[in-house]
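The values are calculated or read from the model by the stated rules, or taken from the named source; none is laboratory data. Computed from a predicted model, the values in this text were never measured in an experiment. Cβ coordinates were reconstructed from backbone atoms using ideal geometry, including for glycine residues, and neighbour counts include every protein chain displayed.
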Amino acid sequence: MSTQREIKRLKGEKDIVIVAHNYQMGDIQDIADFVGDSFGLAQKVNELEVSNVVFCGVDFMAESAAILNPDKRVILPDLKAECPMAEMVDIGDLRSYKEKNPEAAVVSYVNTNAETKAESDICCTSSNAVKVVKSLDNEKVLFLPDKNLGNYIKRFVHDKQVEVWEGYCATHDNILPEEVRRSMEEHPEAEVVVHPECRPEVVDIADYVESTAGILERAKKTASDEMIIGTEKEMGYRLEKEVPDKEYYFPGNPTCQNMKKITPEKVLNSLKSLSPKVKVEEDIAERARRPLQKMVDLGRGK
Ligand code: SF4
């Protein structure tokens, strides 16, 4: 039996759901029950009434799902699927910043490890980052770890002092403005939509700046037949599947190798063994749960 068919069979037999991030390979997206951005998946896992969740994404996403859902077994098919940006926060540096700036709220992008979240006041994703920062009473805010998303937030928040950590996502930061411009010259009618993890010079020339969920929404809404997209190239798979009547171009062909560590074979092994389970130390999980839950509640309008 093919791996795909075996996965479908096992899924039907066990109390299990597969979720996948938009940057997962097409054959993983095809076997998932839900595909989405990190915020959408966090909400979805919260709502699911199942005991086991196979999370096809990178470590911080699965970790967040496990923290928010201590009653569920969250499985990451390859524990080495790590986000390099999440590792760009030195916890000692963060603690010393907090000591020197006790008045500042710490807003951590969901792309952080559990220890960083445990030191944070609230988490956010790219789809709600501006809303989260605006919701705070503090006049001073530290945003981490993505400097590009942090600088994007600063464009919309003028009544606060927003300080930005020096981290970045290499996949998005490597999308160069000259590549985007070249693509615009080749496809002058195309709408340009980029992710806020892109550098400011790329954001400046885009028509829209959106999370991956927002990019999909733009594709559904726009009258344009062509789109130039500034995010990880696998987003193209979802776009072509859901909005097939357009052409999509990805300048620089950005690829996140960590996302590609999840393969159908590893998913099948996880379904058979219900492992490897994502584990977060209980005291860290408890402290990280509050800022994560605040983010989810804000998304629900609570
Ligand atoms: S695309 Fe960037 S932020 Fe997302 S997992 Fe890969 S390295 Fe991390």
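Tabulated results
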item	result
Test: residue in region 139-162 that is modelled with pLDDT of 95 or more, closer than 17 Å to VAL296 by Cα and not assigned by TED's automatic domain parsing to the domain that holds LEU68	no
Residue match in region 18-26 (condition: away from the ligand (no atom under 16 Å from the Cβ), crowded, with 19+ Cβ neighbours inside 10 Å and more than 17 Å from the chain's Cα centre (by Cα))	no
Single match in VAL133, VAL54 (criterion: under 22 Å from GLU265 (Cα atoms), touching a helix residue (DSSP H, G or I) at 6+ places or on another chain (Cβ under 6 Å) and either hydrophobic (A, V, I, L, M, F, W, C) or assigned by TED's automatic domain parsing to the domain that holds ASN22 (or both))	VAL54
Tabulated pairs, region 44-66, first more than 17 Å from ALA32 (Cβ to Cβ), second more than 16 Å from the ligand (Cβ to nearest atom) and of a type in the set (Lys, Arg), C-beta under 7 angstrom, 6+ apart or interchain	SER51/LYS72; SER51/ARG73
Considering residues of region 102-134 that are more than 16 Å from the chain's Cα centre (by Cα), over 19 Å from ILE67 (Cβ atoms) and not aliphatic (A, V, I, L, M) only, the residue nearest to the ligand (Cβ to nearest atom)	LYS131
Criterion (small (Gly, Ala, Ser), surrounded by 23 or more Cβ atoms within 10 Å (Cβ to Cβ) and either closer than 18 Å to TYR152 by Cβ or at pLDDT 95 or above (or both)) met by exactly one of GLY230, GLY236	GLY230
Residue selected from region 36-53 under the condition within 15 Å of the ligand (Cβ to nearest atom) and among the aliphatic types (A, V, I, L, M), by the criterion modelled with the highest pLDDT	LEU41
Qualifying residue in region 139-151 (condition: touching a Lys or Arg at 6+ places or on another chain (Cβ under 9 Å), away from the ligand (no atom under 16 Å from the Cβ) and touching a residue at least 60 places away in the same chain (Cβ under 8 Å))	no
Region 40-55, residues that are within 12 Å of the chain's Cα centre (by Cα) and crowded, with 23+ Cβ neighbours inside 10 Å	LEU41, ALA42
Every pair of residues 6+ apart whose Cβ atoms lie under 6 Å, when the first sits in region 191-207 and is without any contact (Cβ under 8 Å) to a residue 24 or more places away in the chain while the second is among the hydrophobic types (A, V, I, L, M, F, W, C)	ASP207/VAL192
Matching option when the condition is in the same structural domain as PRO177 (by TED's automatic domain parsing), closer than 19 Å to GLY57 by Cα and of a type in the set (Phe, Trp, Tyr), among TYR237, TYR208	TYR237
Residue list for region 163-206, filter: touching a Phe, Trp or Tyr at 6+ places or on another chain (Cβ under 8 Å) and crowded, with 18+ Cβ neighbours inside 10 Å	VAL164, TRP165, SER183, ALA190, GLU191, VAL192, VAL193, VAL194, PRO196, GLU197, VAL203
Matching entry among SER127, SER108, SER120 (being surrounded by 16 or more Cβ atoms within 10 Å (Cβ to Cβ), in contact with a Phe, Trp or Tyr (Cβ under 6 Å, 6 or more places away or on another chain) and polar (S, T, N, Q))	SER127
Members of region 92-126 that are out of contact with any helix residue (DSSP H, G or I) (no Cβ under 7 Å at 6 or more places or on another chain) and of a type outside the set (Phe, Trp, Tyr)	GLY92, ASP93, ARG95, SER96, LYS98, GLU99, LYS100, ASN101, PRO102, GLU103, ALA104, ALA105
